[in-house]
Ligand code: CP
């Protein structure tokens, strides 16, 4: 039980371990047949207490592509959580049926509670507004694969920087690389939390907070767009007022560098116009594909098979 390795935060892996994970993911992409039976006889449980398309399906696809099987639930209402079962009791139960578990939960820290009671590896697949480590692994693999490095970038993070857990995880992960400058692009109400800017100040990492996307476009090497997180707003009126604050259009893309990449964790609502999808710099659907490769690499690593 003590040798169990979970993934709660992208920082659970050192940068050297991440390099190894990303090398494995790239090798899986190039040589899928080599890995097609790696997880024969193994079972992944997906315990999703919150909606998901990419994360859950990419975990499931990852396990099938490794030769394993999948069980789980995609809605708390169809599990015994609806009868009041605790996360601790659920994971003890799931541990009897599966070899590894990916858990998404609206409460921050719930996957950590599960991990503390689990006899199988637990992967945090998103906990409230806190962390989304496998999205961060996806983002880093996408950047590293398409740019060839994870250092020396100016990255713009745009949209809901207050509630966006993918943003918080990505910032925490990127600060470990050299010469990263952050430009936080948001309306006043959706600014990145103070604990993040305080941490950047403490570490002497360069950042700016701006409202205009257009003005900073020419400076960016990477633009990470996010949707406004309706489910985390207390007030529908505020959501409606802010939801279309940023819309990335072809005209705005003309202001950007020729090799700037546009990433988005998805789902998209309105914040990237569909006319941008054909721009070769728009890599958010490639990012989805990288998400599956990195989850394959992660499952293999946490099961001790890689
Ligand atoms: N990026 C992401 O977490 O997407 P889903 O909510 O569809 O899983």
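The values are calculated or read from the model by the stated rules, or taken from the named source; none is laboratory data. Computed from a predicted structure; not experimentally measured. Virtual Cβ from ideal backbone geometry, glycine too; neighbours counted across all protein chains shown.
Observations, loosely collected:
- Condition check for residue 181: touching a helix residue (DSSP H, G or I) at 6+ places or on another chain (Cβ under 9 Å) and surrounded by 18 or more Cβ atoms within 10 Å (Cβ to Cβ): no
- Among the residues making up region 269-287, those that are assigned to a loop (DSSP other than H, G, I, E, B), at pLDDT 95 or above and surrounded by 13 or more Cβ atoms within 10 Å (Cβ to Cβ) are 271, 273, 279, 281, 283.
- Filtered residues of region 136-162 (kept if under 16 Å from residue 15 (Cα atoms) and in contact with a strand residue (DSSP E or B) (Cβ under 8 Å, 6 or more places away or on another chain)): 139, 142, 143, 151, 152
- Of all residues in region 51-70, those satisfying the criterion of being without any contact (Cβ under 8 Å) to a residue 60 or more places away in the chain, under 17 Å from the mean Cα position of the chain (by Cα) and surrounded by 14 or more Cβ atoms within 10 Å (Cβ to Cβ) are 57, 60.
- Selected residue (only one of 97, 73, 48 is within 16 Å of the ligand (Cβ to nearest atom), free of Cβ contacts under 8 Å to residues at least 60 places away in the same chain and over 19 Å from residue 287 (Cα atoms)): 73
- From 292, 253, 296, 260, residue being within 14 Å of the ligand (Cβ to nearest atom) and surrounded by 13 or more Cβ atoms within 10 Å (Cβ to Cβ): 292
- When every residue of region 159-176 is checked against the conditions, none turns out to be farther than 22 Å from residue 203 by Cα and more than 14 Å from the ligand (Cβ to nearest atom).
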